[in-house]
1. Which members of region 131-182 meet the condition of being in a helix (DSSP H, G or I) and charged (D, E, K, R)?
2. Can you go through Val116, Val94, Val101 and tell me which one is over 18 Å from Trp173 (Cβ atoms) and surrounded by fewer than 17 Cβ atoms within 10 Å (Cβ to Cβ)?
3. State which residue is surrounded by the fewest Cβ atoms within 10 Å (Cβ to Cβ) when the search covers only region 130-185 and only residues that are touching a helix residue (DSSP H, G or I) at 6+ places or on another chain (Cβ under 6 Å) and of a type in the set (Lys, Arg).
4. Of the residues Val77, Val57, which single one is at pLDDT below 95, surrounded by 14 or more Cβ atoms within 10 Å (Cβ to Cβ), at negative phi and aliphatic (A, V, I, L, M)?
5. Which numbered condition trips up Val67, out of (1) modelled with pLDDT under 95; (2) in contact with a strand residue (DSSP E or B) (Cβ under 9 Å, 6 or more places away or on another chain)?
6. For region 85-130, which residues satisfy the criterion of being in contact with a His (Cβ under 7 Å, 6 or more places away or on another chain) and part of a helix (DSSP H, G or I)?
7. Val23 passes all but one of (1) modelled with pLDDT of 95 or more; (2) surrounded by 14 or more Cβ atoms within 10 Å (Cβ to Cβ); (3) not acidic (Asp, Glu); which number fails?
Amino acid sequence: MNTIVKETQTSRDFEQLRTRGAVGRRAESLADRIEEGAAALAAFAEGLSEAEWRAPVPESGKDHRSVGVIVHHVAYVYPIEIDLARTVASGKVVADVTWEVVAELNAKHAHEQAGVTKAAALELLRRNSREAAAAVRAFTDDELDRAAPFSLNYGAPVTAQFVIEDHALRHSWHHLARIRTALGR
């Protein structure tokens, strides 16, 4: 009888540790990949000349935001991307974020940050990616698996893990590839 009670208590203790204090392997892996992408973007940006930092990155065949604005943009939206993932993880519908809203946010950001310095953008990138990774490490497996309708994906019920992967994680890699292409590097 005591053995059964001890095993039950040990199982309960393990479950509490797993769900309250320990970082899950999936959350840790997602967080590590966010940090890896941000570090790759930062390392590349650090080596850019001032002319490269100010160079426009073509989008849809026309000149658009500068390299510097895009690096700052990646850093700037980490908190927004994490909040969206938290909303989905809580089971709530994300209905008010559309591609039109994103385009408006990006245009406003580009205008406001047109003269952003490399030092300021890189500091924000490091801080916000670190905070985003820490926030992702707090997600439980159940939260990562929870799905809710997501307006950026046309109302499809996507999981919080998908939102993290498609936004906070992918974002730095996506823009790094576009910047490299624009600069021929």
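The values are calculated or read from the model by the stated rules, or taken from the named source; none is laboratory data. Model, not experiment: these values are computed from the prediction. We place every Cβ from the backbone using ideal geometry, glycine too, and count neighbours over all the protein chains shown.
1. Of everything in region 131-182, those that are in a helix (DSSP H, G or I) and charged (D, E, K, R) turn out to be Glu131, Arg137, Asp141, Asp142, Glu143, Asp145, Glu165, Asp166, Arg170, Arg178, Arg180.
2. Just one listed residue meets the conditions, Val101.
3. Within region 130-185, the match that is surrounded by the fewest Cβ atoms within 10 Å (Cβ to Cβ) is Arg137.
4. Matching residue, one of Val77, Val57: Val57.
5. (1)
6. Asn106, His109, Ala121, Leu124
7. (1)
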